[in-house]
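Working notes, beginning with the structure itself.
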Amino acid sequence: MASSSRILVADDEPNLRRVLSAILTREGYEVWQASDGAEALERLDTTVDVIITDLKMPRFDGMRVLQTVSKEYPEVPVIMITAFGSVDNAVAAVKAGAFDYIEKPFEQEQIRQIVEKAIKQATANRSEPSLTLTPNGDISPSTGRHGLIGRSDVMQSIFGIIEKVANTPSTVLVTGESGTGKELVAKALHENSDRSDEPFIKINCAAIPKNLMESELFGYEKGAFTGATGSKPGRFELADKGTLFLDEIGEIPVEMQVKLLRAIQESEFERVGGIKTLKVDVRLIAATNRDLEKAVASGEFREDLFYRLNVVPLMIPPLRLRQGDTPLLVDHIIEKFRHRLNIEIEGIDDDAMEVLSAHSWPGNIRELENILERTILFCSDTRIRRADLPDELCVATSSVTEAGQPSGSETGVGGSLPTKATANGEAVSLKDAVRAETSRVEKELIAHALGETAGNVTQAAKLLKISRKSLQMKMKDFGLRDRVRDDESGN
Ligand SMILES: Nc1ncnc2c1ncn2[C@@H]1O[C@H](COP(=O)(O)OP(=O)(O)OP(=O)(O)O)[C@@H](O)[C@H]1O
Ligand SMILES: [Mg+2]
């Protein structure tokens, strides 16, 4: 590709520097070289688009380069080069904000692709005004954006993140319990990107038999297996120039994880039974209701694949932690069914709405929709009354309140957390903004859960559906250990 983008290469091995330089110059980039981190930072200015730095260098290493760049030039993607076998360090670097990493020895093609992606990212970071958070916020109005309903603080944050990352090539990992709206979020990301005129292709990894997974993802050639009487493109090919949504990614068989990783890393693959290597330009969004970090820990999910997918984590909280959204959702769903079922229904009585709002909805919005559909179908009048609701809803009504609402203020929980990533209106990088928002949402949910359970860590962990241990770690990170009940704090 022709380009005059400028790339700064920092490496203490002159040979490697020369090789990289040669590859990149051939690709049409302008290359600046530095023999270590200090020299790289000296040369760095606003005209540099991407930095490639060795992680291990004497004097001033890649991590220090990354730290300085993240602070002073947050829009510049940093690609780390790591020695073979030290992926741990590289993963730490990506966690600390590096754009990506390349393991030595690398292929020319790998470099070419990662750099191309990084340049795209740098361009997006620089040219997209909505990629910055301002004090007035580009955060969307209360409801209705992207077909997603929600006025709770957490949903507002999520809308903000969607707007910031939609039009970037970054991979998004959407997590949340079943029925929380993960697929809707994936579609919103696609619709709000400049790929919206291109295909949005979904593959449900849980629904496809193991032995068909590869041909579904990558396609097959005639004669590849018994019954393959013709050739067929896979979902990656179908999604070219558009978005590929890998739903229920937690269910993908381990054998397929390696193949998927390669396709993601190199944007290329072969059809089953094919010899031609195919290249595609696909934006990936993955979703799961599983705790992938746990799956990584237990060896069921490859760590490298996890980090490839988890570039922008988007956690959709369960409905019980954002009860303030329920009335809006109920109105929206009634409206939807009024049209779909062609039934005359005007609305819902206040006391019936209260029952719906107080319910904990383990199946989240999908369950709410199902119950409302049934209720509307059997409703005796043009309004939904309390008596029309299923009995089990009317018995035990828990009193969970919305995350981030001042209700917890008597215990000092939940009300007064900062609501903006930056208070002073300075532009922050996309990654930082997303990270800050995600952390804020997470902290709010944890504080809220601790408030609800009066500081009982075990119960709070249950409510949040995470392990007690990871809750404790997160509480430590967020400085929430003072929220723990006395008899809990010892362990
Ligand atoms: N914020 C929202 N606003 C309006 N409708 C929503 C919202 N979130 C979810 N829904 C609706 O709830 C239903 C479930 O959403 P979706 O299929 O996206 O959830 P999911 O998390 O993918 O669920 P599952 O884990 O079961 O696949 C859909 O009909 C969707 O339109
Ligand atoms: Mg789904």
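The values are calculated or read from the model by the stated rules, or taken from the named source; none is laboratory data. Source: prediction; values computed, not measured. Cβ placement follows ideal geometry from the backbone for every residue including glycine, while neighbour counts extend to all protein chains displayed. Accessible surface is based on the protein model in full, side chains and every heavy atom, while ligands, DNA and RNA are left aside. Shrake-Rupley method; radii C 1.70, N 1.55, O 1.52, S 1.80 Å.
Open to solvent by 60 Å² or more (accessible area, probe 1.4 Å) and out of contact with any strand residue (DSSP E or B) (no Cβ under 7 Å at 6 or more places or on another chain): does that describe Val280? Here the answer is no, as Val280 does not meet what is asked.
Criterion first (more than 16 Å from ligand 1 (Cβ to nearest atom), at pLDDT 95 or above and polar (S, T, N, Q)) does Gln257 satisfy it?
Considered against the rule, which asks whether it is more than 16 Å from ligand 1 (Cβ to nearest atom), at pLDDT 95 or above and polar (S, T, N, Q), Gln257 comes out as yes.
Taking helices (runs of 4 or more DSSP H) that fall entirely within the range 419-491, which contain at least 1 residues that are modelled with pLDDT under 75 and open to solvent by less than 80 Å² (accessible area, probe 1.4 Å)? Talk me through it step by step, then tell me what you get.
Details: elements: 430-452, 457-464, 468-478, 486-489.
Helices (runs of 4 or more DSSP H) meeting the threshold: 430-452, 486-489.
Selection of the range 247-256 for residues being in contact with a helix residue (DSSP H, G or I) (Cβ under 8 Å, 6 or more places away or on another chain) and surrounded by 17 or more Cβ atoms within 10 Å (Cβ to Cβ) yields Asp247, Ile249, Gly250, Ile252, Met256. In summary, helices (runs of 4 or more DSSP H) completely within the range 261-343 and bearing 1 or more residues that are within 20 Å of Ile371 (Cβ to Cβ) occur at 326-341. Listed conditions (1) outside any helix (DSSP H, G or I); (2) out of contact with any helix residue (DSSP H, G or I) (no Cβ under 8 Å at 6 or more places or on another chain); (3) within 27 Å of Glu367 (Cβ to Cβ) are all met by Asp240, apart from (3).
Every residue, every condition in (1) within 30 Å of Gly85 (Cα to Cα); (2) among the small types (Gly, Ala, Ser), yes or no:
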{"residue": "Glu303", "(1), (2)": "yes, no"}
{"residue": "Pro313", "(1), (2)": "yes, no"}
{"residue": "Pro318", "(1), (2)": "no, no"}
{"residue": "Val330", "(1), (2)": "no, no"}
{"residue": "Arg338", "(1), (2)": "no, no"}
{"residue": "Ala352", "(1), (2)": "no, yes"}
{"residue": "Glu367", "(1), (2)": "no, no"}
{"residue": "Phe378", "(1), (2)": "no, no"}
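Among the residues of the range 151-207, just one is in a loop (DSSP other than H, G, I, E, B), more than 16 Å from ligand 2 (Cβ to nearest atom), touching a helix residue (DSSP H, G or I) at 6+ places or on another chain (Cβ under 7 Å) and charged (D, E, K, R), namely Arg151. Applying the condition of being part of a loop (DSSP other than H, G, I, E, B) and not hydrophobic (A, V, I, L, M, F, W, C) to the range 358-386 and asking which residue is modelled with the lowest pLDDT yields Ser380. Every test in (1) free of Cβ contacts under 8 Å to residues at least 12 places away in the same chain; (2) not in a loop (DSSP other than H, G, I, E, B) is passed by Glu109 save one, and that test is (1). Inside the range 165-187, residues that are of a type in the set (Asp, Glu) and either within 9 Å of the chain's Cα centre (by Cα) or near ligand 1 (Cβ under 6 Å from one of its atoms) (or both) make up a count of 1.
Suppose the filter is surrounded by fewer than 19 Cβ atoms within 10 Å (Cβ to Cβ), at pLDDT below 95 and either not in a strand (DSSP E or B) or not assigned by TED's automatic domain parsing to the domain that holds Asn310 (or both); does Ser215 pass it? Reasoning before the result, please.
Working: surrounded by fewer than 19 Cβ atoms within 10 Å (Cβ to Cβ): no; at pLDDT below 95: yes; either not in a strand (DSSP E or B) or not assigned by TED's automatic domain parsing to the domain that holds Asn310 (or both): yes.
So Ser215 does not fit the description; no.
Taking the range 52-74, which residues are under 22 Å from Ser5 (Cα atoms) and polar (S, T, N, Q)? Matches in the range 52-74: Thr53, Thr68, Ser70.
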